[in-house]
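Heads up, the thing below is written out as structure tokens.
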Amino acid sequence: MSQPQLITVLGATGSIGLSTLDVIARHPQRYQVFALSGYSRLAQLLALCLRHAPRFAVVPDENAAVTLREGLRTAGSSTEVLVGEQALCDVSEAGEVDAVMAAIVGAAGLRPTLAAVKAGKKVLLANKEALVMSGALFMQAVRTSGAVLLPIDSEHNAIFQCLPSHYGQGLASVGVRRILLTASGGPFRCTPLPELQQVTPDQACAHPNWSMGRKISVDSASMMNKGLELIEACWLFDARPEQVEVVVHPQSVIHSLVDYVDGSVLAQLGNPDMRTPIANALAWPERIDSGVAPLDLFAIARLDFEAPDEVRFPCLRLAREAAQAGQSAPALLNAANEVAVEAFLQGRLRYPQIASMIEAVLQQQPVVALDDLEAVFEADGKARELAGQWLARHGR
Ligand code: NAD
Ligand code: MG
């Protein structure tokens with residue numbers, strides 16, 4: 001048996017991080033944890049360090065480091081605690097590391113994810129916001145370094161599984177007509193429109209099929225998640241926005257489909273459990289047990305499909321427009337959305353105001369080319385500033 005692969009898990013205390021560690025723990029001969037990062041849930045990070053014995057744990061500041069070091073010392077652990085964004089980059093690009101799970105939520109994950117890409121690692125990409133913000137630069141870095149980029153988002157992992165291995169030469173050259181990106185429609189798919197004024201963060205986070213972090217749960221309710229995924233698909237599979245069609249499929253059993261010119265449509269199905277795409281990407285091109293139960297088609301009985309309603313889900317329209325505008329538009333969209341979702345979760349915005357805030361920011365800020373990472377963060381910062389001003393005027 002060869003040496004176990006060393007894995008860094010960025011965002012280990014989150015929903016994707018925990019699912020990743022669950023899969024890793026099923027295969028101790030194959031995988032060992034090199035580093036784990038956490039942000040606010042320190043007790044959980046300590047427990048994960050004791051369970052997985054990483055060489056490094058990364059926390060955001062010195063106070064957190066003191067607390068974690070004390071817990072580790074008391075338990076007799078030799079895990080070393082590092083601090084800050086540079087440490088996240090260091091544990092992503094370290095020579096010994098074979099693969100990096102990029103599962104920090106939002107723009108905060110961009111620099112460490114790019115560090116893993118630039119170091120030519122196998123990068124398991126959950127942090128879609130990083131790719132949405134910096135798509136052209138990100139994909140250029142993948143090509144330059146030879147990093148192996150594997151999608152963790154269930155839809156993109158499904159598409160990846162339905163494409164031939166040489167799809168990188170362009171969708172047309174492998175006979176692909178369209179990508180069909182499935183969406184559950186979230187908890188508000190059938191809610192009467194006037195009632196959306198009143199919905200609470202907990203209602204928005206109560207996803208019918210998936211258990212996820214709060215930010216992506218709100219994005220799923222607003223369908224901004226599907227909009228970000230449309231942009232993500234364009235970058236990952238070198239597709240134009242018109243080649244990606246969103247299909248609402250409330251059961252979340254078909255995770256996405258690829259439509260070929262001969263009329264064949266390939267789909268990937270499975271129970272809605274992120275351990276399937278995680279195991280697929282970790283072991284690719286092999287297959288390993290993920291702990292996910294076999295799909296019971298008789299229990300599911302039926303699969304439904306409907307077109308998305310962009311009046312009900314204006315965030316999907318805004319994301320499609322940003323995908324078409326290109327350049328800095330997706331970075332502006334993403335940053336405004338991060339501010340809006342945070343404000344909604346804090347009770348400072350009503351749910352329909354998420355889309356209003358994003359639209360206002362996109363209308364105010366001109367779209368520019370993004371030639372380097374500084375330009376990406378400048379666009380991100382500008383959108384956050386405008387969003388903050390909008391919040392001051394319209395929020396509670
Ligand atoms: P989560 O909120 O459960 O976890 C987020 C993780 O990021 C935590 O470990 C947290 O400590 C860390 N983090 C938060 N802010 C940070 C900061 N400023 N600096 C450093 N670390 C920080 O989120 P999640 O549901 O696990 O999602 C993580 C990513 O994966 C998101 O980009 C999401 O869109 C994507 N994703 C998630 C799912 C899912 O099923 N949960 C599915 C597809 C894609
Ligand atoms: Mg998804």
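The values are calculated or read from the model by the stated rules, or taken from the named source; none is laboratory data. Just so it is clear, the model here is predicted, and its values are computed rather than measured. Don't worry about glycine lacking a Cβ; one is built from the backbone with ideal geometry, like all the others, and counts go over all protein chains shown. Surface accessibility is based on the protein's heavy atoms, side chains included, excluding ligands, DNA and RNA. Shrake-Rupley method; radii C 1.70, N 1.55, O 1.52, S 1.80 Å.
Put simply, of Glu80, Glu96, Glu62, Glu70 the only residue that is acidic (Asp, Glu) and either touching a residue at least 40 places away in the same chain (Cβ under 8 Å) or near ligand 1 (Cβ under 10 Å from one of its atoms) (or both) is Glu96.
Screening segment 202-238 for residues that are open to solvent by 20 Å² or more (accessible area, probe 1.4 Å) and small (Gly, Ala, Ser) and picking the one that is nearest to ligand 1 (Cβ to nearest atom) gives Gly213. For segment 171-192, filtered to residues that are away from ligand 2 (no atom under 16 Å from the Cβ) and open to solvent by less than 30 Å² (accessible area, probe 1.4 Å), the residue that is nearest to the chain's Cα centre (by Cα) is Phe188. Across segment 46-72, the number of residues qualifying as among the polar types (S, T, N, Q) and in contact with a strand residue (DSSP E or B) (Cβ under 9 Å, 6 or more places away or on another chain) comes to 1.
Has segment 135-154 got at least one residue that is of a type outside the set (Asp, Glu) and over 29 Å from Leu370 (Cβ atoms)? Looking through segment 135-154, none of the residues is of a type outside the set (Asp, Glu) and over 29 Å from Leu370 (Cβ atoms). The numbered conditions (1) more than 15 Å from ligand 2 (Cβ to nearest atom); (2) over 15 Å from the mean Cα position of the chain (by Cα); (3) of a type outside the set (Phe, Trp, Tyr); (4) open to solvent by 50 Å² or more (accessible area, probe 1.4 Å) are all true for Val199 except (4).
Based on what the data block shows, is Gly263 in contact with a Gly (Cβ under 7 Å, 6 or more places away or on another chain) and not basic (Lys, Arg)? So Gly263 does not fit the description; no.
What about Gly168, is it in a loop (DSSP other than H, G, I, E, B), of a type outside the set (A, V, I, L, M), more than 23 Å from Asn334 (Cβ to Cβ) and open to solvent by 20 Å² or more (accessible area, probe 1.4 Å)? Against the criterion (in a loop (DSSP other than H, G, I, E, B), of a type outside the set (A, V, I, L, M), more than 23 Å from Asn334 (Cβ to Cβ) and open to solvent by 20 Å² or more (accessible area, probe 1.4 Å)), Gly168 does not qualify. Only one entry of Leu370, Leu333, Leu303, Leu349 meets the criterion of being at pLDDT 95 or above, surrounded by fewer than 22 Cβ atoms within 10 Å (Cβ to Cβ) and outside the structural domain of Val105 (by TED's automatic domain parsing), and that entry is Leu303.
A search for C-beta distances below 6 Å between a residue of segment 291-319 that is in contact (Cβ under 8 Å) with a residue 24 or more places away in the chain and any residue that is hydroxyl-bearing (Ser, Thr, Tyr), counting only pairs 6+ apart in sequence or on different chains, returns Cys315/Ser222. Does Val292 satisfy the criteria of being outside the structural domain of Arg26 (by TED's automatic domain parsing), hydrophobic (A, V, I, L, M, F, W, C) and surrounded by fewer than 19 Cβ atoms within 10 Å (Cβ to Cβ)? It is true that Val292 is outside the structural domain of Arg26 (by TED's automatic domain parsing), hydrophobic (A, V, I, L, M, F, W, C) and surrounded by fewer than 19 Cβ atoms within 10 Å (Cβ to Cβ).
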